[in-house]
Amino acid sequence: MTSTAETLAAGPGPAPGPSAPAADPGVPFPRRISPDFRDAHDRHLAWPRSFGFLSTEAERAHHLKGQFPLIAAMFYPNATGAELDLGVDQQSWYFLFDDALDERWGESPERVRNVVGLVREGVTGAASPLPLAAAFADMRRRSCQDMPEDWIRRSAAHWTSYLEHHVHEAHSRQAGTPMPLSTYLRVRRHTIGVAPVVDLAERLSSCVLPDHLYALPHLSVMREMTKTFIICDNDLVSLDKDEALGERNNLVLCLERDHGLSRPRAVDRALRRRAEALELFTGAHRALLDATSAGHLDPAERDLLHRYCTEALQTTIRGAHDWHHASTRYHG
């Protein structure tokens, strides 16, 4: 097993599979990583194991394959120590939850609804004895410590939406009927889990926005394009894996079914959709800078917005893209 640190040092990762795109779509943001990455990698298995996960060598090897300290260190390049550990633990939890649905509960909407209900209690601090729920409650409690009410309320809504939309996916699997493209994209905007990642970036990079700044229209466009870019990027790199597992809800597969496209044309359409999302993101950022420079924001508010755009949104796009093309979760 190659460690995360070794993979990072070796380069961007293995060559793409037969359906995967080239690794770099021209992301114009610098690649960054926390200086505490290697130590975070060395200590990151302790947290899931404390809740009873990863009890066997095979389970630990599978978890290491995801390289979650790598993605957290790129999402949160300013974080170190316990703060970076919180980011790593969130990524570990995402994929423990994802794997549990894939392997144990995902075919039954009722079971998914029950699991989601237990986990959702942790949004407000309650801790169910179910390990997934107890781990989530611990992560949520640490995330909310000393945070303002604006942030706590927004992030609670994002987590609730993330969890509840997994029930929609379970209904699709049980029925054996893949989602139409429009439905898939609507559900995937929540289950991709981008909103909680950006929320945590506000905390870990000291760029927490009050509601009146968070609601700025150009920022809303940038957040939506962040989701679109990552959906496209993730579905392109996971296409071969999804097909092998019989997963039919993937952007490329939806494009093939809904538009009657060949595989190469569907991949090309997904690549163009990803590029358009990046163009809209950068255009909205320019418009935001123009609007705020001519507006009534004070220098501190303008600086906070700048940090949010660069330290939360841009790092999420760049970090997700680099991780997608490095992680052996998709290429090994």
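The values are calculated or read from the model by the stated rules, or taken from the named source; none is laboratory data. Values in this document were obtained by computation on a predicted structure and should not be read as measured data. Here Cβ is always computed from backbone atoms with ideal geometry, including for glycine, and neighbour counts include all displayed protein chains.
Figures for the structure shown
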{"item": "Complete set of residues in region 173-184 that are crowded, with 18+ Cβ neighbours inside 10 Å and not aromatic (Phe, Trp, Tyr)", "result": "ARG173, PRO178, MET179"}
{"item": "Test for SER262: is it without any contact (Cβ under 8 Å) to a residue 12 or more places away in the chain, of a type in the set (Ser, Thr, Tyr) and either in contact with a strand residue (DSSP E or B) (Cβ under 8 Å, 6 or more places away or on another chain) or farther than 30 Å from GLY176 by Cα (or both)", "result": "no"}
{"item": "Residue list for region 172-211, filter: part of a loop (DSSP other than H, G, I, E, B) and on the phi < 0 side of the Ramachandran plot", "result": "THR177, PRO178, MET179, PRO180, ILE192, SER205, CYS207, VAL208, LEU209, PRO210"}
{"item": "GLY125 vs. criteria free of Cβ contacts under 8 Å to residues at least 60 places away in the same chain and at positive phi", "result": "yes"}
{"item": "Residues that are at pLDDT below 85, under 20 Å from the mean Cα position of the chain (by Cα) and within 23 Å of HIS259 (Cβ to Cβ), drawn from region 169-191", "result": "GLU169"}
{"item": "Matching entry among SER327, SER220 (being of a type in the set (Gly, Ala, Ser) and free of Cβ contacts under 8 Å to residues at least 40 places away in the same chain)", "result": "SER220"}
{"item": "Residue count, region 94-136 (criterion: closer than 22 Å to SER172 by Cβ and β-branched (Val, Ile, Thr))", "result": "4"}
{"item": "Complete set of residues in region 131-157 that are surrounded by fewer than 17 Cβ atoms within 10 Å (Cβ to Cβ) and either among the hydroxyl-bearing types (Ser, Thr, Tyr) or more than 25 Å from TYR214 (Cα to Cα) (or both)", "result": "PRO131"}
{"item": "Residue count, region 275-332 (criterion: assigned to a helix (DSSP H, G or I), surrounded by 20 or more Cβ atoms within 10 Å (Cβ to Cβ), of a type in the set (Ser, Thr, Tyr) and out of contact with any Asp or Glu (no Cβ under 9 Å at 6 or more places or on another chain))", "result": "2"}
{"item": "Test: GLY295 is modelled with pLDDT under 95 and out of contact with any helix residue (DSSP H, G or I) (no Cβ under 7 Å at 6 or more places or on another chain)", "result": "yes"}
{"item": "Qualifying residue in region 229-243 (condition: free of Cβ contacts under 8 Å to residues at least 12 places away in the same chain and touching a Lys or Arg at 6+ places or on another chain (Cβ under 9 Å))", "result": "yes"}
